[in-house]
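Following: one structure in structure tokens, then a few remarks.
The values are calculated or read from the model by the stated rules, or taken from the named source; none is laboratory data. The structure presented is a predicted model; accordingly, all values stated were derived computationally and were not measured. Cβ sites come from the backbone with ideal geometry, for glycine too, and all protein chains shown count toward neighbours.
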Amino acid sequence: MLLRAYAAGVFPMADSQENPEIFWVDPLDRGILPLDKFHISRTLKRNIRHETFQIRTNFDFFSVLKGCADRNETWINDSIFQLYLSLHEMGFAHSMEVWQEDTLVGGVYGVALGGAFFGESMFSRRKDASKIALAYLVDRLRVGGFTLFDTQFITPHLASLGAVEISRAHYRELLEQALLVNADFNRQVGTPSGQDVIQRNTQTS
């Protein structure tokens with residue numbers, strides 16, 4: 001049901017972590033992050049280039065999900081938590097993780113379907129950790145042949161990275177096209193260098 005919902009352009013939320021009810025969201029205006037318009041600021045470039053962290057993919061999906069839910073107000077209740085764990089076990093949900101030694105300091109997770117990636121949530125315990133995760137995620141999506149990165153809503157944080165808001169009708173058109181694409185989240189083998197991530201994004205942004 002959840003995969004069919006994504007394919008139809010809707011996604012689940014809960015009012016709070018304690019509320020067991022799930023409702024479906026279909027915004028009039030949708031946030032997307034164009035994969036060829038990702039903006040890397042000078043500070044973010046420096047942090048990526050210095051590589052004082054390790055990037056891991058799907059290494060500890062559970063902890064990324066837990067990190068995203070670990071806040072005063074969250075839409076991730078127990079049912080949603082378990083649903084995304086199931087999607088991860090099925091190979092549809094993925095995490096991009098930022099580690100410093102043995103500590104998970106930031107990450108982002110979402111769902112891949114066809115050529116669309118539905119970004120669900122992210123968290124950061126160090127400055128710019130979630131931005132670093134997004135930079136590596138965008139690079140992986142581009143290498144994998146994805147055409148749509150859905151961010152659901154727009155925040156100042158996402159807008160500073162190049163996210164834009166489009167109409168529901170336009171989003172549905174992009175989604176319909178993306179679902180026909182044979183993209184592969186695992187096409188990128190290994191972790192690229194920070195300089196490669198910067199260069200590939202700078203060439204098109």
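I'd like the residue in the range 46-67 that is among the hydrophobic types (A, V, I, L, M, F, W, C) and touching a Gly at 6+ places or on another chain (Cβ under 8 Å) and, out of all such residues, is farthest from W99 (Cα to Cα). Steps first, answer last, please.
Taking the range 46-67 as the starting set, the residues that turn out to be among the hydrophobic types (A, V, I, L, M, F, W, C) are 48, 53, 55, 59, 61-62, 64-65.
Next, only the ones that are touching a Gly at 6+ places or on another chain (Cβ under 8 Å) stay: 48, 64.
On the way: I48: 13, V64: 11 Å.
Going through the qualifying residues, I end up with I48.
Out of the residues in the range 62-80 meeting the condition of being part of a loop (DSSP other than H, G, I, E, B) and among the hydrophobic types (A, V, I, L, M, F, W, C), tell me which one is surrounded by the most Cβ atoms within 10 Å (Cβ to Cβ). I'd like the intermediate steps shown before the answer.
Initial filter on the range 62-80 (part of a loop (DSSP other than H, G, I, E, B)): 70-77.
Now restrict to residues that are among the hydrophobic types (A, V, I, L, M, F, W, C): 75-76.
Numbers: W75: 20, I76: 22.
Ranking the candidates gives I76 first.
Scan (1) out of contact with any Ser or Thr (no Cβ under 6 Å at 6 or more places or on another chain); (2) at pLDDT 95 or above; (3) in a loop (DSSP other than H, G, I, E, B) for the single condition L174 breaks and write down its number.
That leaves (3) as the condition not met.
Which residue, of Y109, Y136, is within 15 Å of the chain's Cα centre (by Cα), of a type in the set (F, W, Y), crowded, with 22+ Cβ neighbours inside 10 Å and in a helix (DSSP H, G or I)? Before you say what the answer is, go through the steps one by one.
Details: Y109 fails: in a helix (DSSP H, G or I).
On inspection, the qualifying residue turns out to be Y136.
When the residues of the range 133-155 are filtered to those that are among the aliphatic types (A, V, I, L, M) and modelled with pLDDT of 95 or more, which remaining residue is farthest from L44 (Cα to Cα)?
The qualifying residue farthest from L44 (Cα to Cα) is L148.
Check the range 37-53 and report whether any residue there is within 19 Å of I132 (Cα to Cα), out of contact with any strand residue (DSSP E or B) (no Cβ under 6 Å at 6 or more places or on another chain), aliphatic (A, V, I, L, M) and part of a helix (DSSP H, G or I). Full working, then the answer.
Narrowing the range 37-53 to residues within 19 Å of I132 (Cα to Cα): 37-53.
Next, from what is left, pick out any that are out of contact with any strand residue (DSSP E or B) (no Cβ under 6 Å at 6 or more places or on another chain): 37-52.
Now drop any that are not aliphatic (A, V, I, L, M), which leaves 40, 44, 48.
Remaining after also requiring part of a helix (DSSP H, G or I): 44, 48.
For the range 37-53, residues within 19 Å of I132 (Cα to Cα), out of contact with any strand residue (DSSP E or B) (no Cβ under 6 Å at 6 or more places or on another chain), aliphatic (A, V, I, L, M) and part of a helix (DSSP H, G or I): present.
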